[in-house]
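Contents: one structure, followed by commentary.
The values are calculated or read from the model by the stated rules, or taken from the named source; none is laboratory data. All values reported here derive from a predicted model rather than from experimental measurement. Note that each Cβ is placed from the backbone with ideal geometry, even for glycine, and that neighbours are counted across all protein chains shown. Just the protein is used for accessible areas: all its heavy atoms, side chains included, with ligands, DNA and RNA removed. Shrake-Rupley method; radii C 1.70, N 1.55, O 1.52, S 1.80 Å.
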Amino acid sequence: MIKYTLENIESFIDKNPILTAFFSNDELTDYYKKWRINNGVLFHDYLWLLFNNALIKNGDNFGHDENEELFYRNNYLLYYSMAHFKREEGGDTESINQLLRLAFESQIQEFKISSNGSRFESEGIVIMKKGCCDYYDSISDIKFKFDDFTEHCHIATHRCNDKYGFCRCCLGMKPKRDVNGHLVKKNVIN
């Protein structure tokens with residue numbers, strides 16, 4: 001288990017660079033001072049405060065710029081970073097997988113939006129991490145439609161039985177290809 005302190009916070013930020021998209025060094029210092037005055041007992045609570053405030057700031061940014069794809073990408077990166085931090089803290093499998101599941105659900109929304117703006121057809125979502133658990137093996141050849149993922153794909157849930165105790169799957173968007181292996185362009189009517 002890695003222990004972070006104010007003296008080595010740079011290593012935490014280096015491992016979670018998404019936080020620098022939301023906070024300057026001055027803001028990090030201000031958050032620390034406010035946290036310390038209010039309840040500064042456990043330093044890891046300050047680090048969780050940063051993640052939670054980044055999620056709030058991401059929502060606020062979306063309210064201003066309405067960039068939905070960026071909103072979901074940032075949510076994916078934040079939840080994914082939170083899951084790995086929870087793992088570093090020795091968190092239980094269920095709580096780690098819950099954060100990973102939120103990350104995957106955000107990534108699906110990002111893929112869906114980017115697919116709508118793409119010039120090429122998509123076959124859907126595929127799961128990548130060959131041989132990591134029995135559940136993955138049972139779904140490894142399935143292509144999930146964007147809208148079916150949450151209901152029909154159960155990675156990062158109790159079905160995951162990875163030997164490391166948390167889901168290690170990754171998602172990818174599968175482009176549609178013709179019989180010659182070329183990407184299939186969308187029919188665009190002008």
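Scanning region 41-69 for residues that are exposed (fewer than 14 other Cβ atoms within 10 Å of the Cβ) and farther than 29 Å from GLU110 by Cβ, we see that the one that is modelled with the lowest pLDDT is VAL41. Screening THR93 with (1) at pLDDT below 85; (2) polar (S, T, N, Q); (3) within 30 Å of LYS3 (Cβ to Cβ) gives one miss only, at (1).
For region 143-175, the set of residues classified as among the charged types (D, E, K, R), open to solvent by 80 Å² or more (accessible area, probe 1.4 Å) and part of a loop (DSSP other than H, G, I, E, B) consists of LYS143, LYS145, ARG159, LYS163, listed by residue number. Scanning region 87-105 for residues that are surrounded by fewer than 21 Cβ atoms within 10 Å (Cβ to Cβ) and among the small types (Gly, Ala, Ser) yields GLY90, GLY91, SER95. As a summary of the residue check, LEU19 satisfies the conditions (1) surrounded by fewer than 19 Cβ atoms within 10 Å (Cβ to Cβ); (2) touching a residue at least 40 places away in the same chain (Cβ under 8 Å); (3) not β-branched (Val, Ile, Thr) except for the one numbered (1). All of (1) at pLDDT 95 or above; (2) among the hydroxyl-bearing types (Ser, Thr, Tyr); (3) open to solvent by 30 Å² or more (accessible area, probe 1.4 Å); (4) touching a Leu at 6+ places or on another chain (Cβ under 8 Å) hold for TYR72 with one exception: (4).
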